[in-house]
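The values are calculated or read from the model by the stated rules, or taken from the named source; none is laboratory data. Here the structure is a predicted model, which means the values were calculated and not measured. Counting neighbours? That spans all protein chains shown, and the Cβs are built from the backbone with ideal geometry, glycine included.
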Amino acid sequence: MLIHLALQDGFEGDEVAISVDEREAYRAEGVTTRTQISHAADMQLEVPDRPFVLGVDVTTREVRETFDIDPHAHPNVSVSLRDGRLVARFPEQIGFV
Amino acid sequence: MKPYDEELELLDSDDAEDEADAEPSSEPQASGHPSHSPVSGLYTRSNPPTFPIPFGPAPAGIRPIRKEEVRLDVDGRYPQMTVSGTISGFLVARIHWIAGLSEIGANRWQGAIWYKDGAVASFPYTDVEVTAIGSHFPAGRKLRIKFSGGGATKRTVVYKFHSKYFRTVNLEFDFQASEVADTAINTCAHPVRPASLPCETLTIPKVIRRAGCQVTANAGSQVPSPPGTTWSDMEMHDAMQIHWSRFANNAQWAMWVFYASLHEAGTGLGGIMFDDIGPNHRQGTALFVDSFIAQPPANDPNPAAWIDRMRFWTAIHEMGHSFNLAHSWQKSLGTAWVPLADELEARSFMNYPYFVTGGQAAFFADFEFRFSDQELLFVRHAPERFVQMGNAAWFDHHGFEEAAVPAEPTLQLELRVNREQARYEFMEPVWLELKLKNVGDQPRLVEADVLDADSLTVILKKQGKEARQLVPFRQKCTQPVTKALMPGESLYGTVLASAGLNGWDVAEPGTYTIQAAAHIGDEDVVSLPVDLRIAPPISRDEEYVAGDLFVQGPARALALGGTRFLDDANDVLQEIVERFPERRISLHARVALGNPHTIDYKLVLPTDDLDNLEIAVAKADPGEATELIEPVLVGEAETALESLGHIRYRTIAERTAKRLSAAGADAAAAKTIDAAIDALAAREVHGKPIKPEVIEDLKETRKELAPKPKAKPRAKAKA
């Protein structure tokens, strides 16, 4: 199944790798937040139809975090880099304004 | 440009209710009397009289005060119990302060100043006491504020009511062909809403007014575009420049709102403040009416109303970004104007409805179509440069961006050096000339002393350093005399830019930019900047004596035409005359040393017993004066004309000649005036000669002084 993942605040020219159950699913360089829409990147991720571990690795800052996600309960995930830590939120919808 | 409701007729009777909210009571109000009439709004004080007795002392360093604004925010919609103020000096010194308020009586509040910005060293106060004075008429409404604390003398200022709004912003809603700029909503159209929410037709301008901003608007227009057009940020920026009637490359209280179908990024982008391109950000916003904001949740009870509300919310959300408001969860990020806390659950235009706990239904169930308190505090009370659309780092490269320059000025101010190249020798005083010309077709009334140094604002900026304002030595206190400046007529003046009460600001070798503004009523007439260069010293001796010259005493003597009192200053000038006779500073030193000898010079001295003061008169000494000044005005006339400047040279020559004549030195007087006539007649700068009437005036003076001219000495040119 698919979930909608958004990288939001706190990124600036970063290399970011996303993994699903430790398997890399996305990697991008130069990830930068446009603060007026709180958007750095967003993507549809193919994930298992069961709880899984989402890994987010900001390699340029040596910041890494994992989140246990139930895709049925949280089909939308937003991740921000705040105070040197990766923080996840689970909004009802992903959309930027 | 008219207020929004007059221009577009989009407002209904409920706006009249808004207006009525702040109308003055029909009952007379006085200080200390109970009042139910709103008193919040903008109060101002501008162009204070020459004698500021009723207003109390101005903060040191903000002299003269040009304008003060105060925003009282204690009633009406969403009161923040705050008063804030902005004190503007003549363009370079600005103080912004904010105080929280507690009520201490009817129409009386007090509180501590918790925020200061700008020239805060000049504003030591820590507390305010505010009294609102009601009146039948808005013009009679006043605010009295007592500033205290900080070890400063108390300061009481009375401000006049100006507006019930804190700011004024201009809006323009343009739209892509086939789209509609719908700026109104029925607040009760959707069933998911606060039970207490009044049902009304709410417009975008009304929301902005409730945030504290008066709204004016331009008629919206269509942006031609083929069906299916999607937009990039750059394309919208281009469209803004073409279609926005107010577009300008400068900060202004105005924004462009573009209703488009879709961004090129797709349906996931509902709107954007796209204007982070170029030097003036936050002027342009867009919402994408066919994006996800037009996709209601499944089983929504009123999908059409949901869409209308999301579009309305999105438009104002983007406009909030133009006011420099961040998202509710971003408050603690970046560089906030004051430390802020995130507002993850705020029911604000700046929060995403679908990000709060419980999702968009929970958001709209409590949403009252408003900004949060900390957002309102920012919009209403933060320093203008933080909030105003398009504003950027202020002053250093924009010395006069705050100037009140009319759209079609009829006065023109020219600042000039009157020499072929704007280069000055080391230690040579920089005297600049000013010309104020009426370029309109109607006479203009100006004060006769409008070009005096203490009437002007002169900004001095050495390359690589912060700009400074010239504070001239002479601060006169006189009854204004008005002069009619006829079309095409000019007024002339001079100003010593080198030194003032601030010290020697234009003295060290290097490149300087100087700009001046004359102030006529509420109008600022700003000159183009003049760049000039101070050469380095040519010897260690010059460097050494410069240390003695670049202090207050010699500067005063040079600026004020000499002294018989400041002996130390005269010693320095005399040393310069003797040691550096070939340098231009010696010309200025000779004039300053010689001038006091042209008249009977009064000195206020202590009596022998030191108990009293008496006036002693040092008699004029034409011989000494001639010995000092004649080598300048006659012997070095051409060089003196350039270094002293045309206006000063002529003034000094004429004055000296008259005084010498009065003292019986007719021959010296005639020699001086003849040299001036010759030098001025021969003078050209950039191919332009001196105006013939100047020469004619001097010839008239010559006739008055000595009817029969003697042999004219020729002015010697200095190599």
Evaluate the following for B:F312: is it outside any loop (DSSP other than H, G, I, E, B), more than 9 Å from chain A (Cβ to nearest Cβ) and within 31 Å of the chain's Cα centre (by Cα)?
no
Of the residues B:V525, B:V506, only one is at pLDDT below 95 and assigned to a strand (DSSP E or B); which?
B:V525
Selection from segment B:147-157 of residues that are assigned to a strand (DSSP E or B) and either in contact with a Pro (Cβ under 7 Å, 6 or more places away or on another chain) or not assigned by TED's automatic domain parsing to the domain that holds B:S46 (or both):
B:R155
Of the candidates B:L566, B:L558, the one satisfying the condition of being within 27 Å of B:K658 (Cβ to Cβ) and in contact (Cβ under 8 Å) with a residue 40 or more places away in the chain is B:L558
Segment A:19-54, subset in contact with an Asp or Glu (Cβ under 6 Å, 6 or more places away or on another chain) and among the polar types (S, T, N, Q), residue surrounded by the most Cβ atoms within 10 Å (Cβ to Cβ)
A:S38
Could you check segment B:601-673 for helices (runs of 4 or more DSSP H) lying wholly inside it with 1 or more residues that are among the aliphatic types (A, V, I, L, M) and touching a Gly at 6+ places or on another chain (Cβ under 6 Å)?
B:622-630
Within segment B:363-387, track down each residue that is of a type in the set (D, E, K, R), in a helix (DSSP H, G or I) and out of contact with any helix residue (DSSP H, G or I) (no Cβ under 8 Å at 6 or more places or on another chain).
B:D373, B:R380, B:E384, B:R385
Elements of type strands (runs of 3 or more DSSP E) contained in chain A, each with 2 or more residues being over 13 Å from the mean Cα position of the chain (by Cα) and away from chain B (no Cβ under 13 Å):
A:23-31
Mind telling me which of the residues B:D275, B:D290 ends up being among the charged types (D, E, K, R) and within 10 Å of chain A (Cβ to nearest Cβ)?
B:D275
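Table: residues versus (1) within 12 Å of chain A (Cβ to nearest Cβ); (2) under 20 Å from A:Q93 (Cβ atoms).
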| site | (1), (2) |
| --- | --- |
| B:V257 | no, no |
| B:E264 | no, no |
| B:T285 | yes, no |
| B:L325 | yes, no |
| B:N351 | yes, yes |
| B:G359 | yes, yes |
Considering each residue of segment B:161-197, count those that are surrounded by 19 or more Cβ atoms within 10 Å (Cβ to Cβ) and of a type in the set (A, V, I, L, M), and give that number.
4
I'd like the full set of residues that are touching a residue at least 12 places away in the same chain (Cβ under 8 Å), within 23 Å of B:A251 (Cα to Cα) and more than 10 Å from chain A (Cβ to nearest Cβ), limited to segment B:327-343.
B:W337, B:V338
Of the conditions (1) surrounded by fewer than 15 Cβ atoms within 10 Å (Cβ to Cβ); (2) touching a residue at least 24 places away in the same chain (Cβ under 8 Å), B:I242 fails just one. Which one is it?
(2)
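Could you say which residue among A:V16, A:V87 is among the aliphatic types (A, V, I, L, M) and either at pLDDT below 95 or crowded, with 19+ Cβ neighbours inside 10 Å (or both)?
A:V16
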Just need a number here: residues in segment B:487-502 that are over 18 Å from B:G553 (Cα atoms) and small (G, A, S).
3
Name the single residue, out of those in segment B:297-306 being part of a loop (DSSP other than H, G, I, E, B) and in contact (Cβ under 8 Å) with a residue 12 or more places away in the chain, that is nearest to the other protein chains (Cβ to nearest Cβ).
B:P297
Which of (1) modelled with pLDDT of 90 or more; (2) out of contact with any helix residue (DSSP H, G or I) (no Cβ under 7 Å at 6 or more places or on another chain); (3) not basic (K, R) does B:A679 not meet, given it meets every other one?
(2)
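Condition test on B:H281, is it touching a residue at least 24 places away in the same chain (Cβ under 8 Å), more than 25 Å from A:A6 (Cα to Cα), in a loop (DSSP other than H, G, I, E, B) and within 14 Å of another protein chain (Cβ to nearest Cβ)?
Working: touching a residue at least 24 places away in the same chain (Cβ under 8 Å): yes; more than 25 Å from A:A6 (Cα to Cα): yes; in a loop (DSSP other than H, G, I, E, B): yes; within 14 Å of another protein chain (Cβ to nearest Cβ): yes.
Yes.
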Residue hits (segment B:344-360; closer than 16 Å to A:Q36 by Cα and without any contact (Cβ under 8 Å) to a residue 12 or more places away in the chain) are none
